[in-house]
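Here is the structure we will look at, set down as structure tokens.
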Amino acid sequence: MQADPSTDKFFQSKVLGHPAGLFVLFFTEMWERFSFYGMRVLMVLFLTWAVIGSNPGWEWPSEHAGALFGTYAGLLYLTPILGGFVADKILGYRGAVVLGAMIMMLGHFCMALETEATFLIGLALLVIGTGLFKPSITSIISHMYKDLPKKKDGAYTIFYMGVNAGAFFGMMLCGYLGEKVGWKFGFGLAGIFMLFGAFQFWLARPLFGTIGAAPDKKSDKTAAENFKAGQVLDDDAIINENQKPKAEVEEKRNPFTLVDKILTGIASVVGFIFLINDPASKIYNIKLLPATIKMGSNELDGPWTILLLLGLVPFLILVISRIVRYTPVVRSRMIAFVIFAFITVFFWMSFEQGATSLVIFAKDYTNRFLYGNDALIFNIVNLLLTLGPLIIVTWVLFRLFAETWREIKASNIVLGLSFVGVWIIGIWMIQRDLNTEAIEFKYQTYERPVLDEEGLPVMDKKTGKAQTEFVPVTEATLLTAETVTRQDTATFSSLEDVKKGTLVNLHKEGDAFVHLNEIQEADVRQQIDLYKAESAIFSGTVIGPKSGMVEVTASWFSILNSFFIISLASFFSKWWESKYNPSPAMKYGLGLIIMAAGFGVLAFGSYGLEEGSEVKLSMMWLVFAYLLHTMGELLCFTGWSFYGE
Amino acid sequence: MVSKLVPGRMIAFMFGMWYLAIAIGNKSAASLGGMIDSVVKDYSLSVFFLIFTIVPVVAGIIIIILNPMMKKLMKGVE
């Protein structure tokens with residue numbers, strides 16, 4: 001091995017057969033993904049959560065939440081194109097990682113403030129920060145392994161596990177804190193771990209030598225070569241350049257012409273305006289693009305028409321004209337690539353329901369309340385789910401410490417502290433769930449007709465009579481002499497025993513009865529005043545503890561994706577190494593169909609379920625759906641690009 | 001895989017396209033996902049999930065049918 005002096009130092013200390021620096025990157029990426037996924041799982045929940053309650057959200061319509069999240073998610077994949085350029089030319093990769101992480105940290109804290117303005121600023125900061133961070137960290141790995149291409153796949157696999165471990169812990173802990181304690185704690189926790197990650201990385205810089213440092217004149221030159229057209233930065237480009245067989249080096253060049261650049265520019269600007277216009281017009285009625293366009297006698301949807309005519313058309317011309325300019329071999333490969341990219345759109349279109357509709361499905365249509373033995377089983381499963389990955393990652397952490405303690409003590413200490421934090425929150429979470437009890441109480445209910453959206457009584461299909469329901473007699477309910485009342489019993493979850501006969505104030509939130517403490521009650525009353533709503537607070541008398549209970553958070557289900565990836569990834573890579581390795585198109589097709597089957601399971605399970613239905617689906621439907629989604633994801637993307645999402 | 005399919009100089013452009021595909025996928029996912037409540041109201045939850053069952057199945061079948069052609073197009077790619 002002929003080592004480059006810049007990477008020479010890097011390879012001196014080894015952990016698990018890889019340079020220690022890889023694990024610094026592993027943990028940096030882990031905390032970045034922790035923050036990203038922690039925020040992602042909370043965002044739509046928070047936006048759609050009821051505005052009056054012990055942990056109030058904003059009660060946005062799901063369309064609005066979806067529009068805002070979609071624009072955020074879409075921009076996340078577009079800013080790295082610019083960010084990579086800035087990182088390469090000005091900041092250097094390491095500088096871009098630190099700066100990007102700091103901007104993202106600020107973004108998370110802005111969101112934790114829970115005002116609309118800071119929430120939107122927070123999202124914008126996250127988009128900018130990701131743009132700097134994401135391309136840079138992968139470029140550092142590429143640089144590290146430029147003399148060791150054979151080890152690169154292994155390095156990416158390790159890195160990918162960091163991604164998934166981060167996603168796993170982020171969704172688990174931010175989700176739990178956000179839903180059970182308060183949204184701002186969940187959003188804030190994401191910011192804190194971003195800070196840990198950035199610090200740990202910055203303090204580890206002695207380990208990296210000149211890798212990823214700010215560009216000097218010499219490296220600037222190679223960068224300029226790769227960035228002629230201001231395109232996406234990815235060091236694979238540089239790597240490829242070095243390893244290319246001779247025939248390909250002689251491949252004729254296909255530079256970006258002025259027309260190409262103009263087409264790229266138009267398509268990007270139109271696409272960007274469309275992305276911003278969508279949530280702005282839906283949520284705030286701020287229209288950047290006309291809502292409708294007249295074409296002869298037809299009225300067309302404005303934004304879509306503009307996107308298709310001024311965005312898609314120039315883009316297609318660009319792609320097709322560039323492909324035509326290549327030699328036949330390259331051209332046919334490029335066509336294959338474009339087909340894969342096209343199909344990929346449909347994969348993510350379904351798979352990414354995980355961020356929006358599946359979270360709403362978990363919140364509104366899944367039975368998340370477990371009692372007695374079911375609660376105990378869940379607690380044991382959750383304990384193993386939490387401790388298993390935590391122990392493994394902590395073990396990796398100690399291996400890193402053993403190797404690098406002398407050189408980067410401060411970085412190790414910061415990283416160690418962040419882990420102490422995760423352990424504490426994880427154990428607190430488990431013991432909190434173990435100590436949760438269902439307290440039974442009795443309360444007065446009255447009969448009233450079931451009304452539909454227009455306020456008309458709903459008729460029973462079988463009997464033809466008006467349907468009625470029994471609802472709690474709240475402090476705002478006016479009972480007349482004819483009203484039928486009765487006593488009902490129900491349970492609320494509690495961390496402590498409540499004495500028999502205690503009079504408690506309760507509030508129905510979603511499917512749960514919440515026992516309001518004094519502070520919560522004051523808050524709820526304030527919200528009722530603010531929104532001029534009718535009070536739904538009612539009182540009940542405690543009968544006593546009934547059984548153990550767990551209220552599974554709606555965000556809990558999202559961790560299953562990361563968990564299944566961690567557990568199944570090696571099986572799929574072994575499959576690909578065997579002689580039964582299917583062709584890429586076959587993998588893709590199977591992956592899409594298996595993922596679709598996951599949605600088929602949900603469609604089957606929810607058959608006959610109505611809006612606001614009291615009947616909820618068992619958790620197992622969603623668990624099984626996530627298993628199939630993950631298998632589909634692994635089929636489509638393992639061994640292709642390490643960046644699964 | 002992306003780097004195996006296309007020549008070095010094209011890779012930046014292709015990565016841009018790959019990310020663009022993911023961005024479009026994400027945006028449409030969230031927009032459609034946000035429609036869960038209105039689809040449930042007008043049709044049903046089953047219908048909503050069937051969208052995400054049928055669309056990828058069709059895409060999957062198309063790519064499997066194209067498999068022989070894709071193999072030809074990708075000749076020489078490991």
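The values are calculated or read from the model by the stated rules, or taken from the named source; none is laboratory data. Keep in mind that what you see is a predicted model, and the values were worked out from it rather than measured. Please note: Cβ atoms are built from the backbone with ideal geometry, for glycine as well, and neighbour counts cover all protein chains shown. When the accessible area is computed, the model is the full protein with side chains, heavy atoms only, and any ligands, DNA or RNA have been set aside. Shrake-Rupley method; radii C 1.70, N 1.55, O 1.52, S 1.80 Å.
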Any residue that is outside any loop (DSSP other than H, G, I, E, B), within 14 Å of chain B (Cβ to nearest Cβ) and either touching a His at 6+ places or on another chain (Cβ under 7 Å) or under 21 Å from B:Lys27 (Cβ atoms) (or both) - is there at least one of those in region A:47-54?
yes
Single condition A:Thr118 does not satisfy, out of (1) away from chain B (no Cβ under 14 Å); (2) buried (at least 21 other Cβ atoms within 10 Å of the Cβ)
(2)
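Here are some residues: A:Val524, A:Val498, A:Val504, A:Val514. Which one is outside any helix (DSSP H, G or I), among the aliphatic types (A, V, I, L, M) and under 17 Å from A:Val181 (Cβ atoms)?
Criteria check complete, one pass: A:Val514.
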Only one of A:Leu560, A:Leu516, A:Leu568, A:Leu503 is among the aliphatic types (A, V, I, L, M) and open to solvent by 60 Å² or more (accessible area, probe 1.4 Å); which?
A:Leu503
Quick check on my filter: what residues within region A:469-486 are surrounded by 11 or more Cβ atoms within 10 Å (Cβ to Cβ) and touching a residue at least 24 places away in the same chain (Cβ under 8 Å)?
A:Phe470, A:Val471, A:Pro472, A:Val473, A:Thr474, A:Glu475, A:Ala476, A:Thr477, A:Leu479, A:Thr483, A:Val484, A:Thr485
Going by the conditions given, is A:Ser350 in contact with a Pro (Cβ under 6 Å, 6 or more places away or on another chain) and open to solvent by less than 20 Å² (accessible area, probe 1.4 Å)?
yes
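Any chance region B:27-36 includes a residue that's within 20 Å of A:Leu635 (Cβ to Cβ), open to solvent by less than 60 Å² (accessible area, probe 1.4 Å) and within 7 Å of another protein chain (Cβ to nearest Cβ)?
yes
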When restricted to A:Val615, A:Val601, the only residue more than 20 Å from A:Ala355 (Cα to Cα) and more than 7 Å from every other protein chain (Cβ to nearest Cβ) is A:Val615
Every pair of residues 6+ apart whose Cβ atoms lie under 9 Å, when the first sits in region A:362-373 and is away from chain B (no Cβ under 14 Å) while the second is open to solvent by 30 Å² or more (accessible area, probe 1.4 Å) and among the hydroxyl-bearing types (Ser, Thr, Tyr):
A:Asn367/A:Ser618; A:Phe369/A:Ser493; A:Tyr371/A:Ser547; A:Gly372/A:Ser547; A:Asn373/A:Ser547
Of the residues in region A:140-153, those that are open to solvent by 30 Å² or more (accessible area, probe 1.4 Å) and assigned to a helix (DSSP H, G or I) come to A:His143, A:Pro149, A:Lys150, A:Lys151, A:Asp153
Out of the residues in region B:37-78 that are outside any helix (DSSP H, G or I) and under 27 Å from A:Leu617 (Cβ atoms), state the one that is farthest from the other protein chains (Cβ to nearest Cβ).
B:Tyr43
Say we look at region A:63-84 and pick out the residues that are modelled with pLDDT of 95 or more and more than 17 Å from the chain's Cα centre (by Cα); which of these is nearest to the other protein chains (Cβ to nearest Cβ)?
A:Glu63
Conditions first: (1) within 30 Å of A:Leu622 (Cβ to Cβ); (2) under 39 Å from the mean Cα position of the chain (by Cα); (3) in contact (Cβ under 8 Å) with a residue 40 or more places away in the chain; (4) surrounded by 13 or more Cβ atoms within 10 Å (Cβ to Cβ). A:Leu495 passes all but one, so which condition is the exception?
(4)
Mind checking whether some residue in region A:393-400 is in a helix (DSSP H, G or I), open to solvent by 30 Å² or more (accessible area, probe 1.4 Å) and within 14 Å of chain B (Cβ to nearest Cβ)?
no
Show the residue pairs that are 6+ apart or on different chains and have beta-carbon atoms under 7 Å apart, the first residue being within region A:147-170 and in the same structural domain as A:Gly197 (by TED's automatic domain parsing), the second being buried (at least 22 other Cβ atoms within 10 Å of the Cβ) and of a type in the set (Asp, Glu).
A:Phe159/A:Glu29; A:Gly162/A:Glu29; A:Val163/A:Glu29; A:Gly166/A:Glu29; A:Gly166/A:Glu32
